[in-house]
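Report on one structure; see the data block that follows.
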Amino acid sequence: MGLYLQQLLAGRDFATSDSFASRMANFVYLIGDDEQRVCMVVDPAWDVRGIVDFVDREEMKLAGALVTHYHPDHVGGEIFGHNIAGLKELLTIRPVTVHVNENECEGVKHLTGLSDSDFLTHCGGDTISIGDVIIRFLHTPGHTPGSQCFLVDSALVSGDTLFIGGCGRVDLPGGNANQMYHSLTQVLAKLPDDTLLFPGHHYASKPTSTIGDEKRENQYLRMKSLEDWKRMMGEATE
């Protein structure tokens, strides 16, 4: 198996003339089979044509789109008065299937205007193959109800669930602090320490980390109890 994994940064690798995209610092990922030259794109947004052009320059075939969660900077839509290109524009250029968590599909449809036939819904534990590369879906609610991460080989693409030194917000619509605590401590922290972490945004001084480093250095993975977590998040203990 030849794993193909590319990390693309908004404002640097695509959307280079978009100052808002640069400030948002989204990562877009290409995951696939290097030998069979086939891949899927994770959270295509901002400059869809630029992302597709990168795929073409790599001489890869785009076989699908993987969605971590439904926020506009990841799938397209309107945010802060800005209309962001995303899945709708991708399917106009390359009509591929969009893979989304079953709890997130309605949110993605609402933002993008796509229809049921554009999606294949998943639940935690599902797997798909891209060539000979197998991706496992991890349901990690907290930032949104249907947030999901993608585990492939020893690499984790974590969307806005886990950042380097941080985690996704839980105070936005659909956010849930209790669910985030479980996703971080009972799902992601249980992965092997040498698992490489590829987050959804470039918020740290480095673009990647490991689960082991985050367990040692990231306070959000070091909480010993839900009560401690709630105190840190500023919530009253039930």
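Tabulated data for the structure shown
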{"item": "Binned Cα-Cα distance frequencies in the stretch 150-197 - 10 Å width, integer %", "result": "24, 57, 18, 1"}
{"item": "Carbon/sulfur fraction of accessible area - the chain, other protein chains in place, 1.4 Å, %", "result": "45 percent"}
{"item": "Computed Rg/Rh of the chain, alpha carbon atoms with Kirkwood Rh", "result": "0.95"}
{"item": "Highest average packing first - 63-73, 24-34, Cβ atoms within 10 Å", "result": "63-73, 24-34"}
{"item": "Sequence ranges 148-159, 94-105, ranked by mean other-Cβ count within 10 angstrom, highest first", "result": "148-159, 94-105"}
{"item": "Length-normalised contact order for the stretch 111-172 - Cα pairs under 8 Å, 6+ apart - percent", "result": "21 percent"}
{"item": "Amide H partners (placed H, <5 Å) of I84, local residues excluded", "result": "G77, E78, I79"}
{"item": "Hz values of 3J(HN,Hα) by residue in the stretch 195-212 - Karplus curve (6.51, -1.76, 1.60), Gly and Pro given as x", "result": "5, 6, 9, 10, x, x, 9, 8, 9, 10, 6, 9, x, 9, 8, 10, 4, x"}
{"item": "Cα gyration tensor shape for the stretch 54-168, rounded if a/c is under 1.5, else prolate or oblate", "result": "rounded"}
{"item": "The stretch 32-102, accessible area per residue, ligands and nucleic acids excluded (1.4 Å, Å²)", "result": "41 Å²"}
{"item": "For the stretch 143-148, Karplus couplings with θ = phi - 60° (6.51, -1.76, 1.60), whole Hz, Gly/Pro x", "result": "6, 9, x, x, 4, 9"}
{"item": "Helix-only [θ]222 nm of the chain, DSSP H runs n ≥ 4, -39500 (n - 2.57) each, per residue, nearest 500", "result": "-6000 deg cm²/dmol"}
{"item": "Net charge of Cβ neighbours under 13 Å - reference D153; Lys, Arg +1; Asp, Glu -1", "result": "-3"}
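The values are calculated or read from the model by the stated rules, or taken from the named source; none is laboratory data. Since this is a predicted model, take the numbers as computed values, not measurements. Note that each Cβ is placed from the backbone with ideal geometry, even for glycine, and that neighbours are counted across all protein chains shown. Side chains are part of the model used for accessible areas, which takes the heavy atoms of the whole protein and leaves out ligands, DNA and RNA. Shrake-Rupley method; radii C 1.70, N 1.55, O 1.52, S 1.80 Å.
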